[in-house]
Amino acid sequence: MRSFSLTWTSEIDDDEAVVFVSAVHEALQVAWQRLPSHSSLVPPPEIRPYGDWFLQGVDPEAEYASFRWYQEQAMDRKRGGIDAQRFLQVVVHEPWQAETPHFDLSLLHQSLLGPGGDPLLGQAVRGAAAVFSIHALHTLSDSWRRLMLLRRLAAHYVGQTLAVPIYETRRGAQCTNVCALRPATTLPMLTAYAEQETKAEVLYCEQCQKELGQRLADIHFGMN
């Protein structure tokens, strides 16, 4: 089973880092518990929290020598943020992917930028990696609400990293249920969805839970 590597910038505080790691663990537990019955002996995915890492004894400015180097490669200095697509390309082409295939989830404090410089909450290369930012969440004064939204973002991008929803079976449709895999592109939308899901005590809908379990089984048995 491929592991999940978790990275975050040094500006992410301890509470945010704990929620990030805990939310990924929670999401993967939900997926693991929905494995098809014939896959009951499949171990849960390992989570590897690296944080703001760097290689010991190596110049941090050297290629792939630190998490800060990744950010520098994707920095759009003119617009003052991280180019999400460029950042993800750096991640998916890192040398350790060839050595030890894994999934990547990155949490940034900087603004994430899409094509044309539009602000993003996050972006994914489905089936491989995702990056999301707490930048917009820091406009909220309520710390509990901020952490609730972070949990929801993390759960959403765990699913995207596992390529759920499975578009092939849904004819390209997004999830529209009360579920963390509903796409939310703005802070008000993210807030409304997270509040609805929290009130309903739902992380993922039934269909997405099944698909998450199926993805883990497919990955373990080499079908993906």
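Here, each number is a calculation from the coordinates, and none is a lab measurement. Computed from a predicted structure; not experimentally measured. Quick reminder, even Gly has a Cβ in these numbers, built from the backbone with ideal geometry, and neighbours come from all protein chains shown.
What the table shows:
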item	result
Rounded to 5, percent antiparallel among DSSP beta bridges of the chain	40 percent
Coordinate range along principal axes, alpha carbons of region 136-224, Å, largest first	45, 22, 22
Approximate spin-label separation R77-E99, in nm, with each point projected 7 Å along Cα-to-Cβ	3.1 nm
Computed magnitude of the charge dipole of the chain (debye, nearest 20; Cβ of K, R +1, Cβ of D, E -1)	780 debye
Within-11-Å neighbourhood charge of G127 [Cβ basis; K, R +1; D, E -1]	+2
Computed lengthening from T176 to L140, 0.36 nm per intervening residue step minus Cα-Cα distance	10.4 nm
Region 88-189: antiparallel DSSP beta bridges as a percent of all, rounded to 5	55 percent
Low-density loop cleavage sites - trypsin sites (Lys or Arg not before Pro) in region 74-140, where at most 12 other Cβ are within 10 Å (DSSP)	R77, K78
Shape of region 1-107, Cα gyration tensor, a/c cut at 1.5	prolate
Region 75-91 and region 137-200: distance between their alpha carbon centers, rounded to Å	22 Å
From the coordinates shown, semi-axes √(5λ) of the Cα gyration tensor in Å corresponds to which of [x] 26, 22, 16; [y] 51, 18, 14; [z] 41, 23, 17	[x]
Label point 7 Å beyond Cα of M189 along Cβ direction - residues of region 116-148 with amide nitrogen under 12 Å	120-122
Pairwise FRET efficiency - K199 versus I166, Cβ, R0 = 30 Å, nearest 0.05	0.65
Loop chymotrypsin sites (Phe, Trp or Tyr not before Pro), region 165-224 (other Cβ atoms within 10 Å of the site Cβ: 14 or fewer; DSSP)	F221
